[in-house]
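First the structure, in the form of C-alpha cells, and then the observations on it.
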Amino acid sequence: MNIIELTIPKLGESVSEVTLSKWLKQVGDFVNLDEIIAEVSTDKVDSDVPSTHAGKLIELKYEEGDTIAIGEVFAVIDISDSNSTNQIKEDVLVDIPVSDIQVTSTPVKTDKFLSPLVKRIIKEENLNLDEVLQIQGSGHNGRISKNDVLNYISNPSKSNVAHQQVIASSSLGGNSEIIEMDKMRLMIAKHMKNSKQTSPHVTAYVEPDVTNLVKWREANKDKFEAKYKQKLTFTPILVDCVVRAIKDFPMINVSVDDTETKIIKHNDINIGIATALPNNNLIVPVIKNANTLNLEGLAKGVNTIVDKARTNKLSPDDISGGTFTISNVGVFGNLMGTPIINQPEVAILATGVIKKKPAVLETEYGDIVVVRQFMYLSLSFDHRVVDGSLGGVFLKRISDYMENWDINQSI
C-alpha cells in the first residue's frame, strides 16, 4: 500500500477550524485528483474539499458534524492502485498561523486537545479552564467543539450534557415554541453583542436630496447593462460616493488593535455589503480595493458578491478584510436604521428607502414648493476613535456627493 493522508486545506487567513458538513465519498470509493470528497463549513460559509491525490479512499477519520482543525488529517487514501494519468500533487500540511493560536501572551495550557478557536474563545471570555474541560464534548472522540463552549457560555449549568437544548421554562406559556438557533444565528448574535460591548456607538443622520441621482440612473441603467453586461442598481452608485468620502476622511477607514492603545489605518478601502439570506440570516461579503474601481467595476463587484451570497457560494476570503460596511434597510421599506458596527471596523452606514416629498426651492422669483426624492442616511460610529465632528462631516460629505451627482455624466 502507498498511503497518503489528506489534510484540511487553509481556507482563509482567519479560519482555524471547520465543521464537516457532508461526506461526498465513502470508504472503498475511488477518487480522482481534485475531485470533491467532502463539504465543510466555517462560521459563515461552506467550502468544498478536493482530494490532492488520485486513489482509493480507505479511511474517514471524522463523522459529519465533527469539528476539524486546519491542517489536520481527515481522510486516508491508497494511491498504489491509481490508474489516473493526472499528476499527483505533493501533500502539504498547512501550518496554523501563530496569530490564530496565540490570543494573548499567556496561552491556554492543557494536555487535552483544544482547537485554536476554542482556546481563543476561552481567553476572550475569560473562562475557567478547569470548568471548560468538564464539558462533555460533542466532537470526534469527545472533543470539545466551539459550539460546546458557546453553549456553556449561554448556560453553564446545562452545557456538560452534549447537545442538550437550553430552555428558560419560567417565562414560557402553554402556547410557546422553543426554536434552537442555528450555527450562523449563534455567531451573528455573538458578533452583534460583542460589537455593542466593544464600541460606544453613536449614530448621526442626514437626508440628502437624491433626485438627480435617481434621474441619472433611470436614464442610463439600460445603456449601462447593454454596454457592461451588468445591472446598475443604486448600491454601486452609493459605494462610489462612500469611497470618495473615505478618501476625503481616511481616519474613518481604521480599526483599533486588540490592546485598544493603537489605531490601525487601512490604505485599502474594502467595502462590506450587508446581505440578507433566504434563511433570514445575515452575511457581509466584501468588495476588495473599492478605491481602485470605477462604476463598472463596482457594479460588477456588487452583483458578484450578492449573487454568491444568495446562492451560498461565498468563500472565506469573500467575507474577510472589510474596512467599512453599508447596510441597505431601505430594501425592506424602512426609512432609516441604527446599524451595529461590524467589528473590527469603526463605522457602518445604513441607507433608507427613497421617497418623494415636497421640498422648498429658492428661485429668482421666490420660494416654490416642488416634489423631490429624498432618502435618509444613518452612520453609526465608534466613539473611541471617531468623534462627533469627524462622523458628522464624513456623513455630510457622502450626502453632498449624492446630492451633487452629475446628471450629465456619461457611462
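Tell me the relative contact order for the stretch 3-78 as a rounded percent, counting alpha carbon contacts under 8 Å between residues six or more apart.
Values: 181 pairs, mean separation 32.5, N = 76.
After rounding, I find 43 percent.
Strictly over 25 Å apart at the Cα level, which of 231/313; 61/193; 25/119 would you flag in this model? From 231/313; 61/193; 25/119, over 25 Å: 61/193; 25/119.
From the Cα trace of the stretch 3-78, what convex hull volume per residue do you get, rounded to a whole Å³? Don't jump to the answer; show the numbers that get you there.
On the way: hull volume 5.6 nm³, N = 76.
Taking the convex hull of the Cα positions in the stretch 3-78, it is 73 Å³ per residue.
Entry note, the stretch 295-411: relative contact order of 18 percent, from Cα contacts under 8 Å with a spacing of 6+ residues. Relative to one another, the C-alpha centroids of the stretch 1-78 and the stretch 315-371 are positioned 43 Å apart.
Let me know the Kirkwood hydrodynamic radius for the stretch 192-282, please, with Cα pairs as the basis and the value in Å to one decimal. Show your work: numbers first, answer last.
Values: mean 1/r = 0.0596 Å⁻¹.
It is 16.8 Å.
Here residue 357 is the anchor, and the aspartates and glutamates within straight C-alpha reach of less than 18 Å, apart from those fewer than 8 places off in the same chain, are 207, 209, 367, 403.
Please tell me the relative contact order of the stretch 187-403 in percent, rounded to the nearest whole number, where contacts are Cα pairs under 8 Å and at least six residues apart. Present the calculation step by step, with values, prior to reporting the outcome.
Working: 418 pairs, mean separation 62.8, N = 217.
Worked out over the stretch 187-403, it gives 29 percent.
Computed from the coordinates by the stated procedures, all read-outs in this text should not be read as laboratory data. This is a predicted model, so every value here is computed, not measured.
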